[in-house]
Amino acid sequence: RLVTELENQPDGFVLDLDETAAAIGLRNNGGKHSAFARALGRTCQFGLARAMNENTLAVRRRIPPLTQGQLRKLPLAVQVEHRAFTERSFNRSAPGEQAVQRAVNVALSLIANGDDLETARLQLERWDFEADLAASAARTAWKRHLTPSE
């Protein structure tokens, strides 16, 4: 819901909290401990959004796949569904150059957000990029990070 609005209004928008809460089956009684406030808090807790100030929420437009540890905690049927979804969404079987570019872009994002080379490589592997591709993409991203183009 938030991403759809952001795609229509990329500079931001005013979110009607009562309407949004009702749309997902929750009440918004305005308190910090309301079900809706807790739901918004969880989006921040899981890295899907970040409170910029009291009235502004930055929201990710794309969500990374679950880690292997997160997947293991889910029921088997949900694990299978998630794997099928990520295969459709990320098309890991894409031809070589597309897969390499996707891995480099993900690594660049990780490094831009403070990860070092090794952490970026490990995260790519956690997200099921092949080990050699993860290492190569992380190295390429690290080099680009150290020598940005003019």
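No value in this document is a laboratory result; all are computed from the given coordinates. Not measured: the values here are computed from a predicted model. Here Cβ is always computed from backbone atoms with ideal geometry, including for glycine, and neighbour counts include all displayed protein chains.
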Checklist entry - Within segment 47-63, can one find any residue that is loosely packed, with under 12 Cβ neighbours inside 10 Å, out of contact with any Gly (no Cβ under 9 Å at 6 or more places or on another chain), within 18 Å of GLN123 (Cα to Cα) and not hydrophobic (A, V, I, L, M, F, W, C)? => result yes
Next on the checklist: I want to confirm something. Restricting to segment 13-33 and keeping residues that are of a type in the set (A, V, I, L, M) and in a loop (DSSP other than H, G, I, E, B), which single residue is surrounded by the most Cβ atoms within 10 Å (Cβ to Cβ)?
Outcome noted: LEU26
Checklist entry - Picking from THR67, THR43, THR86, which residue would you name as being in contact (Cβ under 8 Å) with a residue 60 or more places away in the chain, under 30 Å from ARG121 (Cα atoms) and hydroxyl-bearing (Ser, Thr, Tyr)? => result THR67
Checklist entry - Any residue in segment 108-128 that is in a helix (DSSP H, G or I), touching a residue at least 40 places away in the same chain (Cβ under 8 Å) and over 24 Å from PRO10 (Cα atoms)? => result yes
